[in-house]
Amino acid sequence: ESLAVRLARPDGPPRARVVATARTAELAESRAAIDAVLKLERSGLLQRLPLAPLDEGGTLALVRELSGSAGGELFAQRLQRVTQGNPYFMLETLRFLFDIGELRVEDSGLWSTRYDEETGDHRELPVPPSVQQAVVERVERLGPAARRVLETAALAGDPFTLDDVQPATALTEWDALEGLERALQAQLLLQAEGGYRYVHDLARSALDRALRPERRRLIHLRLAESLDARRAAPARIAAHFEL
């Protein structure tokens, strides 16, 4: 019997409370965890609180609360786009920006950053090492097929199809499909118009940066060949050949 179940029983320690977090997909892969959750639910001792990502309003409110500023709209928009409202990614990005001097506190107590006014692209926000490590570790747990699909998708661009990336992964069609399904189940990818895309651009950037140069070049070459064989847009093919 799990520690959580023992602690939550009425005859357990007085006023004991256990707070646990789990991703839905990862929880479903643990038989012991599922059994514990079902046992607690049947006993009326478990309350589930689904946590959704922050929307644009929530992200702006977080930025204003932390900075003490009444502005920050543009920075909050970029933070929202690059993290898709993932609070962990947001806070780690803010902490990292402070650490590298990109985000400063003025004498007035307000934040100052070179991203306040205009910048070329929200992807200019750097990827914190903690986020990169967390993403890579999460992908590793999905298995080699999912990692190969996700690495290739990180370089393929949005949106991409399974036909775009499968030949470049060197996986069979069935193995590539299984890897794609695991990535979708883990909510690293989502179905979009024209194919699939990453849920978080930070996750894509993290995997891109984790690739060794030799592997990155080989993936670009295989993507170029795959797209060329499928008569894709010449500019897209040329971009991969150049890389």
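The values are calculated or read from the model by the stated rules, or taken from the named source; none is laboratory data. Note that this is a predicted model, so its numbers are computed, not measured. Ideal geometry is used to build each Cβ from the backbone, glycine not excepted, and the neighbour counts take in all protein chains shown. In case anyone asks, the SASA skips ligands and DNA or RNA and just uses the protein heavy atoms, side chains included. Shrake-Rupley method; radii C 1.70, N 1.55, O 1.52, S 1.80 Å.
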- Cubic angstrom per residue, convex hull over Cα atoms of the stretch 12-78: 141
- With Cβ to Cβ distances under 11 Å as the rule, what net charge do the other residues near residue 168 carry (K, R +1; D, E -1)? -2
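What length, rounded to one decimal in nm, is gained on full extension from residue 91 through to residue 77, with 0.36 nm per residue of separation minus their alpha-carbon distance? Write out the running numbers ahead of the final one.
Numbers: separation 14, 0.36 × 14 = 5.04 nm, distance 1.47 nm.
Between residue 91 and residue 77, full extension yields 3.6 nm more.
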- Note down the relative contact order for the chain as a percent, whole number, built from C-alpha pairs under 8 angstrom at least six residues apart. 15
- Item | Protein accessible area in the chain, 1.4 Å probe - carbon and sulfur % | 52
- Note on the structure: Everything considered on the Cα gyration tensor (a ≥ b ≥ c; rounded for a/c under 1.5, else prolate if a/b is larger than b/c, else oblate), the chain must be described as oblate
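Taking the solvent-accessible surface of protein heavy atoms with a 1.4 Å probe, what is the per residue accessible area of the stretch 185-243 in Å²? Each step should come with its number before you reach the end.
Details: 3530 Å² over 59 residues.
With all protein chains present, the stretch 185-243 gives 60 Å² per residue.
Could you work out the helix-only [θ] at 222 nm for the chain, with each DSSP H run of four or more residues adding -39,500 (n - 2.57) and the total divided by the number of residues, to the nearest 500 deg cm²/dmol?
Details: 13 runs with 142 residues, N = 243.
One gets -17500 deg cm²/dmol as the mean residue ellipticity at 222 nm.
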- Query: In terms of the Cα gyration tensor, with a ≥ b ≥ c the square roots of its eigenvalues, is the stretch 173-231 rounded because a/c is under 1.5, prolate because a/b exceeds b/c, or oblate?
  - Reply: oblate
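If we count every other residue with Cβ under 13 angstrom of residue 41's Cβ, Lys/Arg +1 and Asp/Glu -1, where does the sum land?
On the way: positive: 39, 42, 48; negative: 35.
Within the 13 Å Cβ shell, the charges total +2.
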